[in-house]
């Protein structure tokens, strides 16, 4: 009996050693995980599988491509052109990017983008932030998460409860508005020519979320360069001399923006808002949508466009 028990203990110990050795060997052959923070690191042009790059405040990346198995997190800073391959992920919650190309998994919850394209078989989820130009290719998926979706001013049916999803095909000239999950007002004008935007049929899905928190009314004084992302119901943003708001500012329903000697950058969108320019300027690519009232008492506005019941 003792010899049998001793043999059992010996075998069990041997198996434990083999298991431990197996774990050690597996860990030796596992893909190394590399994290690059920009700054302080110098930005590379390409990252590969097992690498995560975090673009932070103060960082700049002129051109960056993530291959399959990589992840790019845009938390702040600026980028000229950022792209991803199939099997890669790009998550953006802050910062500014001129052009963002998604061929894998994309998620936008904050920040500002000049041009965002979702390529074939890729998926992009947008729950916050601001995009000037949205574009999808056939077989792509673009999910917009928010509330109060409207097409040409009319409420889109079928989005009553949280989680309700409605596919939508846009026609040339359509205007889609909504409030994204983070509270940012969204407006998209389906315009196919002259550098316009096109969301291909069968690619767009609207997803109802919990309503964003009701903003506390008040006045926001902008006296320096500001990255204020948006103003909502009851907010007044006053852009005074010396103050400026960079690209992709959004003014939602019930808000007011006064430009009193300062400057509002390109791609400023106002949806159901009031915009008053007393002095200073609004840059080109300004868009006013449903119910927005624009009053110009002085200063200047460049290449402005007024859509759908705005005056």
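Coordinate-derived values only; no laboratory data. Here the structure is a predicted model, which is why all the values come from computation and not from measurement. A quick note on method: Cβ atoms are made from the backbone with ideal geometry, for glycine too, and the neighbour counts reach across all protein chains shown.
From the square roots a ≥ b ≥ c of the eigenvalues of the alpha-carbon gyration tensor of the range 159-303, which class results: rounded (a/c under 1.5), prolate (a/b over b/c), or oblate?
Since a/c reaches 1.5 but b/c is at least a/b, the shape of the range 159-303 is classed as oblate.
Rounded, prolate or oblate: which fits the range 27-141 when a ≥ b ≥ c are the square roots of the eigenvalues of the alpha-carbon gyration tensor, with rounded for a/c under 1.5 and prolate only if a/b beats b/c?
The shape class here is oblate.
How far, in nm, would the chain grow between residue 293 and residue 45 when pulled straight, counting 0.36 nm per residue and subtracting the alpha carbon separation?
Full-extension gain reported as 84.8 nm.
Given the peptides 198-204, 149-155, 128-134, arrange them by the average over their residues of other C-beta atoms within 10 Å, most packed first.
Highest mean packing first, the order is 128-134, 198-204, 149-155.
Based on the mean of other Cβ atoms within 10 Å per residue, sort peptides 166-176, 252-262, 113-123 so the most packed one is first.
Ranking, from highest mean packing down: 252-262, 113-123, 166-176.
Assuming 0.36 nm per residue, please report the length gained on full extension of the stretch residue 164 to residue 137 beyond their Cα-Cα distance.
Answer, rounded to one decimal: 7.3 nm.
Using mean Cβ contacts within 10 Å as the protection proxy, how do 205-212, 87-94, 239-246, 180-187 order, highest first?
Going from most to least packed, we get 180-187, 87-94, 239-246, 205-212.
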